[in-house]
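Okay, structure first, notes after.
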Amino acid sequence: ASADQLYSMAEQELFEVSLRDRQWRSLFRLSTPQGESPDDIEEAAEELTEEILSSQSLTSLAVAPQDAQRLFLGSSRGVYLSEDGGTTWQPLPQTGLGTPRINHLILQSHSPTVAYVATPRGVARYRSDDERWEILYAGLPTPVAHALSATSHGLLAATDAGLYSLNLLEEGLAEGRWPSAREVLGNFAQEPTINQVQQAAIAYAEVQPEKISRWR
């Protein structure tokens, strides 16, 4: 968000406040799905699993690192996206996700920005190119993921069985998604240049050209 803008998330409603005018406004509120009455929902709820019967709530908000107008909102009904700072919202497809329940959502700055979610069915990544979710479950002893955190090279997932890490570079290579040249070169940002290595080797071996000339 901008420097003078804050968000506050209640159980079922998202608010925004500007520090300039100190006025709160509602950006999003969970409501009864269109076309369904409370009686319809109560009747259908008897056949739903415990996962779906969990309380309807908002769980997490993430702002795109390169565009403060892009907001991702995780909830018990899935992920919602706003491209205009919260004025309008649209639900992201749930294809491949396996559950609407989002326990936690984070964004990681790639090209483009990628959304990762923790759900009762595992960790998933949103593939915007084909608008579907991809489960990242390999190596996890339990599908129940509660929270996520991003590092420079991967993810940390808090699960029912403890804390687990996922190296995104290795995971991407295993599935044939090669990193960009910028991502690869970024791993060597702290490495010395070729000239610096040459000068260090000359100094270590004590074979400076001036020394050789003196010997001659």
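Summary table below
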{"quantity": "Filter result for the condition that a residue is modelled with pLDDT of 90 or more and either aliphatic (A, V, I, L, M) or touching a Gly at 6+ places or on another chain (Cβ under 8 Å) (or both), over Ala68, Ala44, Ala138, Ala124", "calculated": "Ala124"}
{"quantity": "Cβ-Cβ under 8 Å pairs, at least 6 apart or on other chains, region 140-152 side open to solvent by less than 50 Å² (accessible area, probe 1.4 Å), far side among the polar types (S, T, N, Q) and part of a loop (DSSP other than H, G, I, E, B)", "calculated": "Ala145/Asn103; Ala147/Asn103"}
{"quantity": "Pair list, Cβ < 9 Å and 6+ apart or interchain, from region 117-138 residues that are under 12 Å from Gly96 (Cα atoms) and assigned to a loop (DSSP other than H, G, I, E, B) to residues that are open to solvent by less than 70 Å² (accessible area, probe 1.4 Å) and basic (Lys, Arg)", "calculated": "Arg121/Arg101; Leu136/Arg125"}
{"quantity": "Among (1) open to solvent by 80 Å² or more (accessible area, probe 1.4 Å); (2) at pLDDT 90 or above - the single one Tyr116 does not satisfy", "calculated": "(1)"}
{"quantity": "In region 71-89, the residues that are open to solvent by 60 Å² or more (accessible area, probe 1.4 Å) and more than 19 Å from Asn103 (Cα to Cα)", "calculated": "Glu83, Thr87, Thr88"}
{"quantity": "The one condition in (1) in a loop (DSSP other than H, G, I, E, B); (2) modelled with pLDDT of 90 or more that Trp178 fails to fulfil", "calculated": "(2)"}
{"quantity": "In region 139-161, the residues that are not in a loop (DSSP other than H, G, I, E, B) and not aliphatic (A, V, I, L, M)", "calculated": "His146, Ser149, Gly154, Thr159"}
{"quantity": "Residue within region 90-108 that is open to solvent by less than 50 Å² (accessible area, probe 1.4 Å), touching a helix residue (DSSP H, G or I) at 6+ places or on another chain (Cβ under 9 Å) and more than 13 Å from Arg121 (Cα to Cα) present", "calculated": "yes"}
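The values are calculated or read from the model by the stated rules, or taken from the named source; none is laboratory data. If you're wondering where the values come from, they're calculated on a predicted model, not measured in any experiment. With ideal geometry, Cβ positions are generated from the backbone for all residues, glycine too; neighbour counts draw on all protein chains shown. Quick note on the areas: whole protein, heavy atoms, side chains included, nothing else; ligands and nucleic acids left out. Shrake-Rupley method; radii C 1.70, N 1.55, O 1.52, S 1.80 Å.
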